[in-house]
Amino acid sequence: MKITNIPFQKTGYFSTMMCDYLEKSAKINSFYGNFPDVDGFKKQIVLKEKSFSNSKRQVLVEVLQQQYENVKASDATTENIQLLLKENTFTVTTGHQLNLFTGPLYFLYKIISAINLAEELSEKFPQQHFVPVYWMATEDHDFEEINFFNFKGKKVQWNTAQTGAVGRFSTDGLEAVFNEFSKHIGNSKNAEHLKTLFTEGYLQHTTLAEATRYIANELFAAYGLVIIDADDEKLKQELSPFAREELLHQTSFTTVSTTNEKLAESYKIQVNPREINLFYLTDMVRERIVFENGVYQVNGTNISFTKDEMLAELEQYPARFSPNVIMRPLYQEVILPNLCYIGGGGELAYWMQLKDYFDAVEVPFPILLLRNSVQVLSEKQAKKLEKLSVSVEEIFLKQHKLINKKVNENSAISVDFSKQKDFLQQQFDELRKVAAQTDASFIGAVNAQEKKQVKGLETLEKRLLRAEKRKHKELVDRIAEIQNEILPNQSLEERQRNFSEFYLEYGESFVKTLKNNLQPLQLEFTVLKL
């Protein structure tokens, strides 16, 4: 096994915003609080310690104990839940949707990032305790985003007509999914373990939330992971004051809209706020709350409330109020003694839109940490790359750029006309000087001729490159084949593949290898040669 770390920026798969964040660019520093380094965590501990009450800890632990009543929790997880009662205990949290059988591979990377960060902080701050938390997105209703996973290029999908919050979905119908999945994985020891994990998760639990908790617990309980389902009445009571503020004053809409205007000067906006960023939630419905003509209306239904009725509903049934993507991060920070949120680039981008909102409602904004990303290379793949003289960093080049580079390196002649273009540029610079001393109108003719000559050179360069590609067709095909294998659909494999492909090959050692080698505060992309 060999580990290679490269800067996220050099992969070409991370946004300008994330690259600027990692480089602490002045353009973005007003959109986040403390940075994910030792000094940042030291400040965040003080900030959160002052704001998180013992009563909130009591509620949190009570709810977690109830949620774990029918779960085989490890000693490490049980201890971590109890530790949350202590004023010197803090969480580091990652969240994820309830994707079928964990969904994309980065589900593992997120959670291992949280586990390893908690362990690293425990070493650096021995006077405090740190608990890794997986926040299940049980109130999400985007079923089409989570009802499948990919296995060796095949889409394994669950179809159901259920609606509302996905965590409440019945697991009925997943036996058919299991039967389909079983056809593809064989009968090896590792395959049998995957089958057991699937059946015990989905066929022996009644809801998607229970099934997801079971699977995540089976994979990570040994490391003390605490799994929380925030679709809970007692936890929602903690959110109630902020939900009331939202209903009456639309604070999130005002503050996030202002932030978006500033952020849009340099970056793409991920989400736009609604005037009210709450859903109304029942077993069958999760629909937006809108305020029109003095009445609160549940969008797409006949349900409506006057102002007094809506506030009474909130007081009596807090669990019926579900935060959307704008308010969910606030909900998390209200109910957890949290220091850090760990997410992918897209997630952190919308968190960047929220700092002013957090400030307005006086809740500490957490540290944002870009999760570990991993590219797994088998021994066979590594040998192929070596024979092709493709380095770890070069794997991530756009395919046409990688092929062009390697054809040029293997060609007896240079197919790069950069020197010729530079020489041409020098000649026309001299001509422009002459034109400026004679007739200024001559400059236009010089520029037009330059453009024509450069275009001609570029055309010749492309024709020569095409000829060399034909000459080196075997090399071109081999490079394309290995890169397509490593980066399916020219995308990072962590977004395409499911952990089961690697578990089938490596078994439990795959998770252990990730656990032993990912370093969340290193802030680099990991290439793992197994």
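Nothing in this text is a laboratory measurement; each read-out follows from the coordinates by a stated rule. Nothing here was measured: the structure is a model prediction, and the numbers come from that model. No Cβ is skipped: glycine too gets one built from the backbone with ideal geometry, and neighbour counts run over all protein chains shown.
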Item to check | Residues whose placed amide H lies under 5 Å from that of Phe90, excluding near-sequence neighbours | outcome: His129, Phe130, Val131
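Over the chain, what relative contact order in percent results from Cα pairs under 8 Å that are six or more residues apart?
On the way: 778 pairs, mean separation 127.0, N = 530.
Relative contact order here is 24 percent.
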Next on the checklist: Per residue of the stretch 80-92, what does 6.51 cos²θ - 1.76 cosθ + 1.60 with θ = phi - 60° give for ³J(HN,Hα)? Whole Hz please, x for Gly and Pro, Karplus curve as stated.
Outcome noted: 5, 4, 5, 4, 5, 6, 7, 5, 9, 10, 9, 10, 10
Checklist outcome for this item: Sequence order, the stretch 116-131: Karplus ³J(HN,Hα) from phi using 6.51 cos²θ - 1.76 cosθ + 1.60, θ = phi - 60°, Hz rounded, Gly and Pro as x, gives 5, 5, 4, 5, 5, 5, 5, 6, 7, 10, x, 7, 10, 10, 9, 10
Item to check | In Å, descending, principal axis extents of the Cα set of the stretch 394-491 | outcome: 60, 30, 16
Checklist entry - Relative contact order of the stretch 374-530: what whole-number percent is it, with Cα pairs under 8 angstrom and at least 6 residues apart? => result 46 percent
Checklist entry - Can you work out the base-10 log of I(q)/I(0) for the stretch 92-153 at q = 0.14, 0.28 1/Å, using the Debye formula on its C-alpha atoms alone? => result -0.50, -1.12
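Out of the stretch 6-70, which trypsin sites (Lys or Arg not before Pro) are coil in DSSP terms and have no more than 14 other C-beta atoms within 10 Å?
Values: sites: Lys10, Lys24, Lys27, Lys42, Lys43, Lys48, Lys50, Lys56, Arg57; in loops: Lys24, Lys27.
Sparse-neighbourhood loop trypsin sites (Lys or Arg not before Pro): Lys24.
Just to confirm the filter: which GluC sites (Glu not before Pro) across the stretch 257-334 are DSSP coil and have at most 12 other Cβ within 10 angstrom of their Cβ?
Here the sparse-neighbourhood loop sites are Glu265.
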Next on the checklist: List the residues, sorted by chain then number, that are 5 or more residues from Leu377 or on another chain and whose placed amide H is less than 5 Å from its amide H.
Outcome noted: Leu528, Lys529, Leu530
Item to check | the stretch 439-512-the stretch 268-302 distance, computed between alpha-carbon centres (Å) | outcome: 45 Å
Checklist entry - Once phi is turned into ³J(HN,Hα) by the Karplus curve 6.51 cos²θ - 1.76 cosθ + 1.60 with θ = phi - 60°, what whole-Hz value does each residue of the stretch 380-389 show in order, with x for glycine and proline? => result 5, 5, 4, 5, 4, 4, 5, 5, 8, 6
Checklist entry - When only DSSP loop residues count, what GluC sites (Glu not before Pro) in the stretch 28-110 have their Cβ near at most 13 other Cβ atoms within 10 Å? => result Glu69, Glu87
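How big is the charge dipole of the stretch 219-330 about its Cα centre, in debye rounded to the nearest 20, if each Lys and Arg gets +1 on its Cβ and each Asp and Glu gets -1 on its Cβ?
Once rounded to the nearest 20, the dipole reads 340 debye.
Report, as a whole number in µm² per second, the diffusion coefficient that Stokes-Einstein gives for the chain at 10 °C and 1.306 mPa s using the Kirkwood radius over alpha carbon pairs.
D, rounded to a whole number, is 61 µm²/s.
Going through the cross-link list Lys152/Lys384; Lys183/Lys529; Lys384/Lys471; Lys384/Lys469, which pairs have a Cα-Cα distance over 22 Å in this structure?
Those over the limit are Lys183/Lys529.
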Checklist entry - So who's got an amide H within less than 5 Å of the one on Arg497, skipping anything under 5 residues away but keeping other chains? H placed 1.01 Å off N, in plane. => result Leu105
Checklist outcome for this item: Percent of all alpha-carbon pairs of the stretch 146-274 at distances over 17 Å, whole number, is 73 percent
Checklist entry - Roughly how many debye, to the nearest 20, is the charge dipole of the stretch 394-491 about its Cα centre, given +1 on each Lys and Arg Cβ, -1 on each Asp and Glu Cβ, and no other charges? => result 280 debye
Item to check | Selection from Ile215, Phe181, His205, by position along the positive dipole direction of the chain (Cβ) | outcome: Phe181
